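The structure appears below as structure tokens.
Just so it is clear, none of the values below were taken in a lab; they were calculated from the coordinates. Since the structure is predicted, the reported quantities are computational estimates derived from the model, not experimental observations. We place every Cβ from the backbone using ideal geometry, glycine too, and count neighbours over all the protein chains shown.
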């Protein structure tokens, strides 16, 4: 039983973190934790159970699946600090996933969700001068298998509002469903007056609208003072102070206040300017000027909008058109394993890859990540916790709506967050459209628009390209799971591409760390370099294609993805140990804010282009190209003076080399300084898609295994016996075609309705 020092000694609200180990024991999912029996064991605070129970085997195996077949009862004993108080609350920063709480044998409340903080009033249940016993029952149960589904997409209809949940094909292994109290738990003692939340909206002229959610938990009206202070955080700009009277009847209320910051310093992404931040501090004081409750938020002054049309998308930051250069990201399989150093490392690696955006993929990350992105000028495309096929009931919709509101409340003041996405790929089985068309997606979309009108909302990510008003972003996997040639993408235009990429194995040393992995992937020992090279070719070609389309229709790209969470085969350009694969350097090179590139279709060249996402123009720049044969002899060379415009993609000139071994491009400023360069090796002989990919699969690892001879095909998993009469290669080809989802929406919707009726009968 230990105490931390008070975190907020300047107010009458005392916050004390409950530090030290928890006692835990498993019990049946439906058992009463007050009467359950079993031995207790100690586990550290702020950990997922898998990392404690199986520290050497946290990624694969039925021993992990068994953890979630039980409920886990957490216990600790605490005493209250000897200070005056009217109210005692328990604050949980995050519990994964369902939590039910008892204090001294009294039920105090419950919560659902793996990321959202929650607070329970336990005043009636605590002992002031004696020890208190806290019990928390935690469950994160597996969903029941679907009779008509197939692995890994819809073998279950997911009933948890949780993205970090087994997700095959190299993302999250089949037996992983994190569980535990993984963030701090604190005691809050106060006089019954609290500022519970602040919502901040800004305008470029310095207008800051603050809405406070405040509670008077006493039985009497309260009269006092509200102090507001806005101060510069990471710059020297001016701030503003305001004091006003406040009257609070018992209950919870909203208090609105407008402040004007003089000479506002705007928040920018790193490639457009400085990520200027401000601090908002609010305090409720009594009439003797004693602060009863205070609240602090970091925010930025900036505007954001997405101009959408059937022809093109354009993102505007502070009314300036910007181009998104991003990658998807989940920082760890078990978020409790993160440290500030690990998050700082990943944000640095993203910045060094010239990315200005991270897509926080199908989960809400710890707040430390958003702090880093706010301060480093990295924009965030924020997914909600829904992925693939979820339950499509009204009851599930109601639960999901609560958690999406909690996500927006939690992250809504973050200047780095530039979009809300309600669901990732809800029609991954293209005829399963109940989530998108019935529940919960339409309600989630309407809620997000109402709750936060300052950001674009996407009803889902991918798969509804024609519905550009509510969605319109695209996922494309040419050269990977869709087609055999990555240059096929040259035939297609995109307004915004938010997924593309290719799985590649981790570094040899990483694969060899785990016997389970090495046993199943040792056939790749001599192939890793070639697979990395293919990943690099695909990424560079496709990124340069999206950047060229900025001139016509495209506002950016989000590659899939930055770093693997598990040491096996995955789409990351960094492996789980953050060793760069071949794709990292390619993503870094192709994402340079100023970049010179060759347009070609894999057979012949078309033109030289300059992509400039900066606000600096380069008048009278010199663009040069040299084409060489395999012996290094010059076949073609040329140069052209060109005015490079700020914040634009421009075609410089047509070129026509065909059979060659190397193309070298350079851009020099008018002063003769090298601004950027680029090199292509055998650009007109693109490497074919690797053998055995994408269908050879290992069900234990949950990942692709390329040309492993005895590996089964994904197309054979949970397939109807009638369909198995079709030759396997034909089924694989049909599946690749189906994943492209190129049929008209009305036809797909009609097929889905017919299929749904057949399944129900």
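The table below lists the values:
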item: Label point distance in nm, residue 131-residue 281, each placed 7 Å from Cα along Cα→Cβ; result: 3.9 nm
item: Overall form of the range 533-611 per C-alpha gyration tensor (a/c, 1.5; a/b vs b/c); result: prolate
item: The range 14-187 shape via C-alpha gyration tensor axes, a/c threshold 1.5; result: prolate
item: Structure-based [θ]222 nm, the chain - -39500 (n - 2.57) summed over DSSP H runs of at least 4, per residue, nearest 500; result: -5500 deg cm²/dmol
item: Calculated FRET value between residue 512 and residue 710, using beta carbons and R₀ = 22 Å, to 0.05; result: 0.60
item: Cα centroid separation - the range 484-535 against the range 422-470, whole Å; result: 30 Å
item: Residue 620 paired with residue 519, simple spin-label distance in nm, labels 7 Å along Cα-to-beta-carbon; result: 7.0 nm
item: Using alpha-carbon coordinates, inclination of helix 728-739 to the longest axis of the chain, degrees; result: 70 degrees
item: Square roots of 5 times each gyration tensor eigenvalue, C-alpha, the range 357-402, largest first, Å; result: 28, 11, 7
item: Rounded Å value of the spacing that divides the Cα centres of the range 57-94 and the range 283-298; result: 30 Å
item: Contour excess over end-to-end distance, with Cα ends at residue 673 and residue 467 and 0.36 nm allotted per residue; result: 69.6 nm
item: Entry for Rg/Rh (Cα atoms, Kirkwood Rh) (calculated from the structure that is shown) out of (1) 0.96; (2) 1.20; (3) 0.99; result: (3)
item: The chain: angle of helix 441-451 to the longest principal axis, Cα-based, in degrees nearest 10; result: 70 degrees
item: Sorted peptide list for 549-562, 449-462, criterion being average Cβ within 10 angstrom, highest first; result: 549-562, 449-462
item: Chain lengthening between residue 307 and residue 243 when straightened (0.36 nm per residue, less Cα-Cα); result: 19.2 nm
item: The range 120-211 shape via C-alpha gyration tensor axes, a/c threshold 1.5; result: oblate
item: Sequence-separation-based contact order of the chain, relative, with Cα cut under 8 Å and 6+ spacing, percent; result: 10 percent
item: Two-site FRET efficiency, residue 585 against residue 747, from Cβ-Cβ distance with R₀ of 51 Å, rounded to 0.05; result: 0.75
item: 15 Å reach of a label modelled at residue 636, 7 Å along Cα-to-Cβ, counting backbone N of the range 660-696; result: 660-666, 680-685
item: Principal-axis tilt of helix 394-411 within the chain, Cα atoms, nearest 10 degrees; result: 90 degrees
item: Label-point separation in nm, residue 662 to residue 352, each point 7 Å along Cα→Cβ; result: 2.6 nm
item: Using a Förster distance of 30 Å, the FRET efficiency for residue 410-residue 42 (Cβ separation, nearest 0.05); result: 0.50
